[in-house]
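One structure is given below, encoded as structure tokens.
The values are calculated or read from the model by the stated rules, or taken from the named source; none is laboratory data. Just so we're clear, the structure is a prediction, and the values are computed from it rather than from any experiment. Here Cβ is always computed from backbone atoms with ideal geometry, including for glycine, and neighbour counts include all displayed protein chains.
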Amino acid sequence: MVPTSKETIRREIFAKLRNQPSETQAKASAAICNTVRASPSWKPGAVAHLFAALPSEPNLTPLIQAAQEDGLRVVFPLVVDVKTGTLTFHEITHISQLSPRTSPIPEPNPETCPAISPEEITTAFLPGVAFDPTTGTRLGRGGGFYDRLLASPKFTAPTTGICFALQQRTLDSEPHDRPISTLITEEGLFALPATEAHPSR
């Protein structure tokens, strides 16, 4: 069987997301936030990587206030170089510290939000276009930003994929892929099996 191309999968998933009613998406996002907050890695003292959502992605911004209540620190990514796919990470304490800068995605202001090194992150909740629930393989939007983070020897935090249930599908993995450890959708949290080819992080 000829493998399905990444672009074909992206088009397939984006079409499904466009057909998802906004009310359904909002309810799913709320359920995802509740599951994140109840997950083992969401605990006092943790430094959690979150992301600001595009319209088609689960909205995690309620977790900023939740982190303050639960004793966590949260960091958000900032794109510093699109060509090289370079991200930096910055701690925020309020949603007002996020605003669109070089793209429609709200980002932290590096002048006012403290920089956090990848090795300081203790748990990472990551976006994706699609996730394979059997292997932990993640398909991004093609920029390679999180691929580079996951490949960095400085980054050792356990990773959790965040997506809507309809974004789960079988994916072909490549030697450089680094699988996620767990997956959260509106249907709950799922631990993913580790394999020799794709060790859990």
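Looking at Ser103 and the list (1) at pLDDT 95 or above; (2) among the small types (Gly, Ala, Ser); (3) in a loop (DSSP other than H, G, I, E, B), which single condition is not satisfied?
(1)
If Val80 passes every condition in (1) surrounded by 20 or more Cβ atoms within 10 Å (Cβ to Cβ); (2) over 25 Å from Ser29 (Cα atoms); (3) not charged (D, E, K, R) but one, which one does it miss?
Among (1) surrounded by 20 or more Cβ atoms within 10 Å (Cβ to Cβ); (2) over 25 Å from Ser29 (Cα atoms); (3) not charged (D, E, K, R), the lone unmet condition for Val80 is (1).
Being under 19 Å from Ala157 (Cα atoms), touching a residue at least 40 places away in the same chain (Cβ under 8 Å) and surrounded by 12 or more Cβ atoms within 10 Å (Cβ to Cβ) is the requirement here; does Val47 meet it?
Against the criterion (under 19 Å from Ala157 (Cα atoms), touching a residue at least 40 places away in the same chain (Cβ under 8 Å) and surrounded by 12 or more Cβ atoms within 10 Å (Cβ to Cβ)), Val47 qualifies.
Per-residue answers, yes or no, for (1) surrounded by fewer than 20 Cβ atoms within 10 Å (Cβ to Cβ); (2) out of contact with any Cys (no Cβ under 7 Å at 6 or more places or on another chain); (3) closer than 17 Å to Leu60 by Cβ:
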| residue | (1), (2), (3) |
| --- | --- |
| Asn109 | yes, yes, no |
| Thr123 | no, yes, yes |
| Asp132 | no, yes, no |
| Gly136 | no, yes, no |
| Tyr146 | no, yes, yes |
| Ser152 | yes, yes, no |
| Cys163 | no, yes, yes |
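Name the pairs whose Cβ atoms lie under 6 Å apart, with the first residue in region 50-71 and modelled with pLDDT under 95, the second assigned to a helix (DSSP H, G or I) and not β-branched (Val, Ile, Thr), and 6 or more positions between them or separate chains?
Close Cβ pairs satisfying both conditions: Ser56/Leu17.
For region 86-100, what are the residues that are without any contact (Cβ under 8 Å) to a residue 60 or more places away in the chain and either in a helix (DSSP H, G or I) or surrounded by 13 or more Cβ atoms within 10 Å (Cβ to Cβ) (or both)?
Result: Thr88, Phe89, His90, Glu91, Ile92, Thr93, Ile95, Ser96, Gln97, Leu98.
Which count do you get for residues in region 125-158 that are touching a residue at least 12 places away in the same chain (Cβ under 8 Å), over 22 Å from Leu72 (Cα atoms), part of a loop (DSSP other than H, G, I, E, B) and out of contact with any helix residue (DSSP H, G or I) (no Cβ under 8 Å at 6 or more places or on another chain)?
Qualifying residue count, region 125-158: 8.
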